[in-house]
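Asker: Please read through the structure below; I'll follow up with questions.
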Amino acid sequence: MAEWAAKRFWEKATVEKAGDGYQVLLDGRKLRTPVKSELIVPSREMAEAIAAEWDAQEEKIDPMTMPVTRSANAAIDKVGPMHAEVAALVAEYGGTDLLCYRAESPEELVKRQSEAWDPLLEWAADALSAPLKTTTGIVHVEQDTATLDSLSKRVLGMDNFKLAAFHDLVGMSGSLIIGFAAIYGFLPVPELWRRSRIDEDWQIEQWGEDDEATATEARKCEGFEHAARFYFMVNNG
C-alpha cells in the first residue's frame, strides 16, 4: 500500500497580525496546529519563517522540511498545556548534568573534558550563580539545593515558545548548562554542540566512523542549531 501524504492545497502563505502575535494564512485561511489550535506565534520573523516553509512545499507536504512549523506546533500543543511539567523535566538535567560527570581515564579524554567543560561550569557559577560539583565515573554527585532551585526558576520563567526550544537544546546536549550557554551567547552554538560531543568524538577516534551514526549525528547537530535559532526568533519582530 502506498504511503498517504497530504497534498498541497493552497497557492500562497501570508502573514498577518493577530492580537499580540502573528498568524499564517494559507490562501486566507488560518493555519492550525495538529490539535486544531490557531497557530499564532510571538514574532513576525517566526511567522514569516513558517510561511516560507509552507510556500516551499511542492505537491506533497513533507513535515520534515518544516522545522519552524514543527517547533511552533510543539510550543502550542505540547508545552502550552503542560508548561510546569515540561519546565520541571528540563530543570532535572541540572542534577545530572553531562558536564559534571568525568572520565577517570584515559588521560587524554580527561584532559579534553576538562578543557571543554570547566569553562562552562565556571561561567555558570559566575553568570548564573549556579556552581555545580563534578565527579568521576558514574557515581551520582548531589548538587546544592539552592543551585538547582536557581536554575529551575530560570527555566520555569520561560514562555511556551522559548521553553520548547530550550527543551531541545538541553535534551540533545544532555546539559542544562550548555542550554543556558546557548541562549545567553556564552559561546557560538556550533562550538557548544562540539563540546557536548567530547565523549562521542573520542569513541569515534578509537573505533572509527560509522556511516549511519555519522548521518544521525549530523541530524542531531542540525536540530540543536535549529533549536537555538527558534529560541531567538521569539523576540524578533
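The values are calculated or read from the model by the stated rules, or taken from the named source; none is laboratory data. Computed from a predicted model, the values in this text were never measured in an experiment. Note: ideal-geometry Cβ built from the backbone for every residue, glycine included; neighbour counts use all protein chains shown.
Asker: Out of curiosity, is Lys133 more than 28 Å from Phe230 (Cβ to Cβ), out of contact with any Pro (no Cβ under 6 Å at 6 or more places or on another chain) and among the basic types (Lys, Arg)? Step through it out loud before you land on a result.
Answerer: Working: more than 28 Å from Phe230 (Cβ to Cβ): yes; out of contact with any Pro (no Cβ under 6 Å at 6 or more places or on another chain): yes; among the basic types (Lys, Arg): yes.
It is true that Lys133 is more than 28 Å from Phe230 (Cβ to Cβ), out of contact with any Pro (no Cβ under 6 Å at 6 or more places or on another chain) and among the basic types (Lys, Arg).
Asker: Looking at the stretch 175-185 only, could you name the residues that are outside any helix (DSSP H, G or I) and over 22 Å from Met233 (Cβ atoms)? Before the answer, list the steps.
Answerer: We begin by selecting, within the stretch 175-185, every residue outside any helix (DSSP H, G or I); these are 175, 184-185.
Selection gives Ser175 alone.
Asker: If you go through the stretch 61-73 one residue at a time, do you hit one that is of a type outside the set (S, T, N, Q), assigned by TED's automatic domain parsing to the domain that holds Thr147 and not in a helix (DSSP H, G or I)?
Answerer: We begin by selecting, within the stretch 61-73, every residue of a type outside the set (S, T, N, Q); these are 61-64, 66-68, 70, 72.
With assigned by TED's automatic domain parsing to the domain that holds Thr147 added as a condition, the list becomes none.
No: zero hits.
Asker: Restricting attention to the stretch 9-39, which residues are surrounded by fewer than 20 Cβ atoms within 10 Å (Cβ to Cβ), closer than 12 Å to Ala72 by Cβ and among the β-branched types (Val, Ile, Thr)?
Answerer: Answer for the stretch 9-39, where residues must be surrounded by fewer than 20 Cβ atoms within 10 Å (Cβ to Cβ), closer than 12 Å to Ala72 by Cβ and among the β-branched types (Val, Ile, Thr): just Thr33.
Asker: Are there any pairs, at least 6 apart or on different chains, whose C-beta atoms fall under 6 Å, with the first in the stretch 1-25 and of a type in the set (Gly, Ala, Ser) and the second modelled with pLDDT under 90, and if so, which?
Answerer: Here the result reads Ala5/Lys60; Ala6/Ile61, each pair linking the stretch 1-25 to a residue that is modelled with pLDDT under 90.
Asker: Here is a follow-up. If I filter the stretch 189-220 down to residues being more than 20 Å from Asp97 (Cβ to Cβ) and in contact with a helix residue (DSSP H, G or I) (Cβ under 9 Å, 6 or more places away or on another chain), which single residue comes out as surrounded by the most Cβ atoms within 10 Å (Cβ to Cβ)?
Answerer: Glu217
Asker: Further question on the same structure: Scan the stretch 14-35 residue by residue and report those that are of a type in the set (A, V, I, L, M, F, W, C), more than 20 Å from Val234 (Cβ to Cβ), under 27 Å from the mean Cα position of the chain (by Cα) and outside any loop (DSSP other than H, G, I, E, B). Break it down stepwise before answering.
Answerer: To start, the set of residues in the stretch 14-35 that are of a type in the set (A, V, I, L, M, F, W, C) comprises 15, 18, 24-26, 31, 35.
Adding the requirement that they be more than 20 Å from Val234 (Cβ to Cβ) leaves 25-26, 35.
Retained after the next criterion (residues that are under 27 Å from the mean Cα position of the chain (by Cα)): 25, 35.
The one that is of a type in the set (A, V, I, L, M, F, W, C), more than 20 Å from Val234 (Cβ to Cβ), under 27 Å from the mean Cα position of the chain (by Cα) and outside any loop (DSSP other than H, G, I, E, B): Leu25.
Asker: Here's something else I'd like to know. Could you give me the residue pairs with C-beta distances under 6 Å whose first residue belongs to the stretch 117-128 and is among the aliphatic types (A, V, I, L, M), whose second residue is in a helix (DSSP H, G or I) wherever it lies, and which are 6+ apart or on separate chains?
Answerer: Listed pairs, sorted by first residue: Leu120/Leu99; Leu120/Ile177; Leu120/Ala181; Leu121/Leu99; Ala124/Ile177.
Asker: Taking into account only those residues within the stretch 97-114 that are of a type in the set (Gly, Ala, Ser) and touching a residue at least 12 places away in the same chain (Cβ under 8 Å), which is surrounded by the most Cβ atoms within 10 Å (Cβ to Cβ)? It would help to see each step written out before you state the result.
Answerer: Let us first name the residues in the stretch 97-114 that are of a type in the set (Gly, Ala, Ser), namely 103, 105, 114.
Going one step further and asking which of them are touching a residue at least 12 places away in the same chain (Cβ under 8 Å), we end up with 103, 114.
On the way: Ala103: 18, Ser114: 14.
If we take residues in the stretch 97-114 being of a type in the set (Gly, Ala, Ser) and touching a residue at least 12 places away in the same chain (Cβ under 8 Å), then Ala103 is surrounded by the most Cβ atoms within 10 Å (Cβ to Cβ).
Asker: Tell me which helices (runs of 4 or more DSSP H) are completely within the stretch 186-237 and hold 1 or more residues being more than 13 Å from the chain's Cα centre (by Cα) and either within 20 Å of Ile50 (Cβ to Cβ) or at pLDDT below 95 (or both), or say none if there are none. So that I can check it myself, show each step before the final result.
Answerer: Numbers: elements: 189-196, 198-207, 211-233.
Ranges flagged: 198-207, 211-233.
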